[in-house]
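Novice: The structure follows.
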């Protein structure tokens, strides 16, 4: 049974983090991938090259039988590749996978038509389409009901079921009960009108920059507002089953494309993140340029000494942290630390589902 939806950027380290999950964990999740915003992503040849590498990584690490959602939320909706809308281009590359396409009322007509056309011609095999809404769109179902009908009815008609996704994005400043009430009211209206298979509630309490919550050479605990929203939604809602999702340990708003390459080393600090209960734990070192990558060993030693650390056998991610705490193996770097962090988080989330 699927009890958790991890929302990920489809970068190699996050794909590998999934592939290295224990088999009994992987079968309990359906990953949701967003195409990552990259430097030069609007240069056609660069985009095509990155996309081909993405497909190879998915095939190599996950095979072609694992179902997943795929969206281009972070890309410009006016983007075209080989004269095709960017979403159509990506979905055609994903033709060998059982991908669930994603639509929304904040997308262009070409995005929606791409999904409809590819379902009709058989490129999309899924009988399910996902409808993704963000807070500005799910405040009031009645306010957007006609827009949904006008923009998306022709897409919904091609599929048997709809997965409704409430994407709260970075939700740390939201009032959990207010958001929960909006989700409940929207769900009630939507499910009364459309054949809905699953309702997913996701979000993150991690900002795009760790500097917003933590100074260098410090540690901090951050409440996971996304779990509070989910609990209140389940408690207050009618007889509707909700599925929990989150952005693991990577902010939905993070993009290294926003950092100039010449400033990357100066602005990057060593950091680790670890989730437990309703909290994220963060520990941050100093600049990689001045203090080096070996400081990750020191950070890992602090993490592994915490009472909430689950121990080396718990997951490959936990094993990695433990090894680094013992100064074993190669140095860590910002890109290599993502894989164990995501792997540990997903394993924990599946084994310890959020309870209302």
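The values are calculated or read from the model by the stated rules, or taken from the named source; none is laboratory data. Just so it is clear, the structure is predicted and the values come from calculations on it, not from any experiment. With ideal geometry, Cβ positions are generated from the backbone for all residues, glycine too; neighbour counts draw on all protein chains shown.
Novice: Could you check how many residues of the stretch 209-245 are touching a helix residue (DSSP H, G or I) at 6+ places or on another chain (Cβ under 7 Å) and on the phi > 0 side of the Ramachandran plot?
Specialist: 0
Residues are listed down the side, and each one gets a yes or a no for (1) out of contact with any helix residue (DSSP H, G or I) (no Cβ under 9 Å at 6 or more places or on another chain); (2) surrounded by 14 or more Cβ atoms within 10 Å (Cβ to Cβ):
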position: 115; (1), (2): no, yes
position: 124; (1), (2): no, yes
position: 130; (1), (2): yes, yes
position: 135; (1), (2): no, yes
position: 157; (1), (2): no, no
position: 163; (1), (2): yes, yes
position: 180; (1), (2): no, yes
position: 197; (1), (2): yes, yes
position: 207; (1), (2): yes, yes
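Novice: Taking the residues in the stretch 321-336 that are part of a helix (DSSP H, G or I) and free of Cβ contacts under 8 Å to residues at least 24 places away in the same chain as candidates, determine which candidate is surrounded by the fewest Cβ atoms within 10 Å (Cβ to Cβ).
Specialist: First, the residues of the stretch 321-336 that are part of a helix (DSSP H, G or I): 321-325, 334-336.
Going one step further and asking which of them are free of Cβ contacts under 8 Å to residues at least 24 places away in the same chain, we end up with 322-323.
Values: 322: 20, 323: 16.
My answer is 323.
Novice: Any residue that is assigned to a helix (DSSP H, G or I) and either under 16 Å from residue 170 (Cα atoms) or within 16 Å of the chain's Cα centre (by Cα) (or both) - is there at least one of those in the stretch 229-243?
Specialist: Scanning the stretch 229-243, I find at least one residue that is assigned to a helix (DSSP H, G or I) and either under 16 Å from residue 170 (Cα atoms) or within 16 Å of the chain's Cα centre (by Cα) (or both), so the answer is yes.
Novice: Still on this structure, I have one more. Of all residues being more than 19 Å from residue 125 (Cβ to Cβ), assigned to a loop (DSSP other than H, G, I, E, B) and under 22 Å from the mean Cα position of the chain (by Cα) in the stretch 80-107, which is modelled with the lowest pLDDT? Just the residue, please. Spell out how you get there, then give the answer.
Specialist: Our first condition is that a residue be more than 19 Å from residue 125 (Cβ to Cβ); within the stretch 80-107, this holds for 80-86, 104-107.
Pick out the ones that are also assigned to a loop (DSSP other than H, G, I, E, B) and you get 82-83, 104-107.
Filter once more, keeping what is under 22 Å from the mean Cα position of the chain (by Cα): 104-107.
Numbers: 104: 98, 105: 96, 106: 92, 107: 96.
Within the stretch 80-107, the match that is modelled with the lowest pLDDT is 106.
Novice: Restricting attention to the stretch 205-219, which residues are in contact (Cβ under 8 Å) with a residue 60 or more places away in the chain and within 30 Å of residue 136 (Cα to Cα)? Can you show your working first?
Specialist: Narrowing the stretch 205-219 to residues in contact (Cβ under 8 Å) with a residue 60 or more places away in the chain: 205-206, 210, 213-219.
If the condition is that a residue be in contact (Cβ under 8 Å) with a residue 60 or more places away in the chain and within 30 Å of residue 136 (Cα to Cα), then 205, 206, 210, 213, 214 are the ones that fit.
Novice: Spot the failing condition for residue 110; the list is (1) surrounded by 14 or more Cβ atoms within 10 Å (Cβ to Cβ); (2) without any contact (Cβ under 8 Å) to a residue 60 or more places away in the chain; (3) farther than 24 Å from residue 46 by Cα; (4) out of contact with any helix residue (DSSP H, G or I) (no Cβ under 7 Å at 6 or more places or on another chain), and only one is missed.
Specialist: (3)
Novice: OK, next. Whether any residue in the stretch 68-75 is surrounded by fewer than 18 Cβ atoms within 10 Å (Cβ to Cβ) and either more than 19 Å from the chain's Cα centre (by Cα) or closer than 22 Å to residue 106 by Cβ (or both) is what I want to check.
Specialist: Start the filter on the stretch 68-75 by keeping residues that are surrounded by fewer than 18 Cβ atoms within 10 Å (Cβ to Cβ), which leaves 74.
Subset that is either more than 19 Å from the chain's Cα centre (by Cα) or closer than 22 Å to residue 106 by Cβ (or both): 74.
Yes, some residue in the stretch 68-75 is surrounded by fewer than 18 Cβ atoms within 10 Å (Cβ to Cβ) and either more than 19 Å from the chain's Cα centre (by Cα) or closer than 22 Å to residue 106 by Cβ (or both).
Novice: Of all residues in the stretch 86-101 being touching a helix residue (DSSP H, G or I) at 6+ places or on another chain (Cβ under 8 Å) and under 21 Å from residue 164 (Cβ atoms), which is surrounded by the most Cβ atoms within 10 Å (Cβ to Cβ)?
Specialist: Ranking the candidates gives 87 first.
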